[in-house]
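In what follows, a single structure is set out as C-alpha cells and then discussed.
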Amino acid sequence: MAPEYLQRGVISPSIDIFAYGVVLLEVLCGQTPISRPRAKEEGNFYLSEKIKSVLKSDDAEELREWMDSALGDNYSFDAAVTLANLARACVDEDPSLRPSAGEVVEKLSRLVEQSKSVEGENIFISESSCKPLVKAAAPANN
C-alpha cells in the first residue's frame, strides 16, 4: 500500500501508480513486496526501499544480482535499468513525484519501440521463479 494511504488514509490515482511500481518490482526481481526477517529485532524488508539503494549504488553487478535469476541472461540490461528506474519513480514516497498513468504508458511504449529497433537483440519471456499465489480454477462442468 502507498505510504500516504497507510499514514493518512489519502486515496488518489497515485495509489494505483504506487501499486503498479510494486508489481513491476516483483516481476523484475522475483520477490514478494515485503519480506519478514528471521531475527525479531530487524524490521521488514520492502522492495520499494531496496530498489532505491540498488539504483543509488551505481553498481551494475548489484542490479544484476537483484534481478530474478529465472531471467538468466535473456534480457536487455539497459531495458532492465530503465524498468527499475520507472518502478522506482512509481514507488516514490512523495505522490506528487510519481509519474502519471499516461507517463508510465509513454515510457513503456518507448521501451518497447527501442527494443524492436535494436538489431540482433532478442527479447525472451521466461517463467518466473515465483510460485503462483493462486491456483487456476478447474473448468466447471455445465
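The values are calculated or read from the model by the stated rules, or taken from the named source; none is laboratory data. Computed from a predicted model, the values in this text were never measured in an experiment. Reconstructed Cβ throughout: ideal geometry from the backbone, glycine too, with neighbour counts over all protein chains shown.
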Problem set entry | Residues of segment 2-36 classified as under 23 Å from Ala84 (Cβ atoms), not small (Gly, Ala, Ser) and not in a helix (DSSP H, G or I), total | 4
Exercise. Just a yes or no: is a residue in segment 19-36 closer than 26 Å to Tyr5 by Cα, modelled with pLDDT of 90 or more and not aliphatic (A, V, I, L, M)?
Worked result: yes
For this session: Go over the candidates Pro99, Pro132 one by one and state the one that is outside any helix (DSSP H, G or I) and at pLDDT 75 or above.
Result: Pro99
For this session: Filter segment 45-87 for residues that are in contact with a Ser or Thr (Cβ under 6 Å, 6 or more places away or on another chain), crowded, with 17+ Cβ neighbours inside 10 Å and of a type outside the set (Asp, Glu) and give the result.
Result: Leu71
